[in-house]
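The values are calculated or read from the model by the stated rules, or taken from the named source; none is laboratory data. What you are looking at is a predicted structure, and each value in this text was computed from that prediction instead of being measured. So basically every Cβ, Gly included, is an ideal-geometry build from the backbone, and we count neighbours across all protein chains shown. Side chains are part of the model used for accessible areas, which takes the heavy atoms of the whole protein and leaves out ligands, DNA and RNA. Shrake-Rupley method; radii C 1.70, N 1.55, O 1.52, S 1.80 Å.
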Amino acid sequence: MRPKGAWVPDSPCRYCPGAEHLTGSEIAAYRKDGSLANGPGWTVRVVPEADAYFRIEWELVREGVGMFDMITPRGASELIVESPNHDATLATMDPEQIEGVLWMYRDRLLDLKRDGQIRDILINRHHKKPGVLPHHPYSRVTAIPIVFDETRRELYQAREYYQYKRRCLYCDMLRQEIAAQGRVIRLTPGFTALVPYAARSPLETCILPRRHGCSFEDALTADTAADLARLMSQYFRTLAASFGDPGYELMLHTAPNLRSRILQGDWATIRDDYHWHIEILAQPERINRVGGIFVNEKPPETTANDLRTSWLT
């Protein structure tokens, strides 16, 4: 069986300009003046995933099955096609193209969160995923009627820290890391790129906005988008040039849909306790753990220093 989303050699790429009819009707696109929908002339394009896990057209039904709960997979499965160039990567795209992708992230979050039945949205992308052949660059958007387990754990930890200290966990971490400098890779006016204290893999990196905000879509401005795009361009060019262009997964961590409260008190302090960020996990398939404890033999300070000394501007 071919892995989901794999590209078949010698077959036409459905995401390249001129093949727009192969993807179904586009959901959104940034286009050059005068170009028509569902045709060439786009710079960033959003299409439905061909083999979708979740569909917006389905009815949301919740039911109990004994002690268990079952819910229909109403939501959305979309692909953000990041460039007309089939061979582009985040290491080869110019910052302006990456900035366009970030704006499309924002647009899709805003649009999908208008639906009160969607509770959480994950935006992620893979580079060189094992078992998947090279393919056109895209990010995946997955919107679901529940909160992802990883998001729920992160929200709980942030809220617990805030209830104890009345401060944002991530803001405190930023202050400490910037003061210590050892794990900081790069500082820009709006962002900090750092290797986490308990990194799961040698090249794990977190990009945190220096200004507090729980939602990516609310925080993105012309200045922050340009700043973040430049930082990402430099980071991924550095990975490609000096670290063998490793495979990675990029994940955008942002607040769930604040319109979709189920229990009283849901999201009561989230605007104060949560802090959106981007996580980049290099070669996740090589992560080693024992009994749930991650084993990483390379100190994060060493990794951060290697990235700093190799940094491409």
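Each helix, a run of at least 4 DSSP H residues, gives -39500 (n - 2.57); summed and divided by the residues of the chain, these come to -8500 deg cm²/dmol at 222 nm. Size of the stretch 83-152: Rg and Dmax of its alpha carbons, in Å, are 14.2, 38. Computed from the C-beta positions of D94 and Y197 and an R0 of 35 Å, the FRET efficiency is 0.60 to the nearest 0.05. The charge dipole of the stretch 123-168, taken about its Cα centre with unit charges on the Cβ atoms of Lys, Arg (+1), Asp and Glu (-1) only, comes to about 180 debye.
Taken along the Cα-to-beta-carbon direction at a fixed 7 Å, the label points for R140 and T302 span 3.3 nm. Relative to the current alpha-carbon distance between R271 and L110, full extension at 0.36 nm per residue lengthens the span by 56.3 nm.
The Cα trace of the stretch 129-203 gives Rg and Dmax of 16.8, 47 Å, the first to one decimal, the second as a whole number.
Computed extension gain for R289 through S11, at 0.36 nm per residue and net of the alpha carbon distance, reaches 96.2 nm. Where the centroid of each part is defined by its Cα atoms, how far is the stretch 262-311 from the stretch 68-108 in Å? Here the two parts' Cα centres lie 21 Å apart.
I'd like the carbon and sulfur percentage of the solvent accessible area for the chain, probe radius 1.4 Å, heavy atoms only, ligands and nucleic acids excluded. Carbon and sulfur atoms account for 52 percent of the accessible area of the chain.
For R186, the accessible area of its heavy atoms, probed at 1.4 Å with every protein chain present, is near 80 square angstrom. Calculate, in whole percent, how much of the Cα-Cα pair population of the stretch 197-288 lies beyond 21 Å. Everything past 21 Å amounts to 44 percent. Computed about its Cα centre, the charge dipole of the stretch 60-138 is approximately 280 debye, with only Lys, Arg, Asp and Glu carrying charge at their Cβ.
Using the heavy atoms of the protein chains and a 1.4 angstrom probe, tell me the accessible area per residue for the chain in square angstrom. If you can, show how the numbers build up before the last one.
Values: 16010 Å² over 313 residues.
That works out to 51 Å² per residue.
Report the charge-dipole magnitude of the stretch 149-227 in Debye, nearest 20, computed about the Cα centre from +1 at each Lys and Arg Cβ and -1 at each Asp and Glu Cβ.
Numbers: 12 positive and 11 negative charges, 78 e Å.
For the stretch 149-227, the charge dipole is close to 380 debye.
Counted residue by residue at 0.36 nm each, then reduced by the alpha carbon distance between them, the extension gain from W103 to L187 reaches 28.1 nm.
Rule-of-thumb check for the chain: C-alpha Rg over 2.2 N^0.38 Å? Don't skip to the end; give the middle numbers.
On the way: Rg = 19.9 Å, N = 313, 2.2 N^0.38 = 19.5 Å.
So the chain has a normalised radius of gyration of 1.02.
Among I27, I185, the sequence by solvent-accessible area, most first, with a 1.4 Å probe is I27, I185. Within the listed set V44, V195, V295, the residue fluctuating most in the Gaussian network model of the chain (springs between alpha-carbon atoms under 10 angstrom) is V295.
Measuring from centroid to centroid over Cα atoms, what is the spacing of the stretch 139-192 and the stretch 202-246 in Å? Each part's Cα centre sits 14 Å from the other's.
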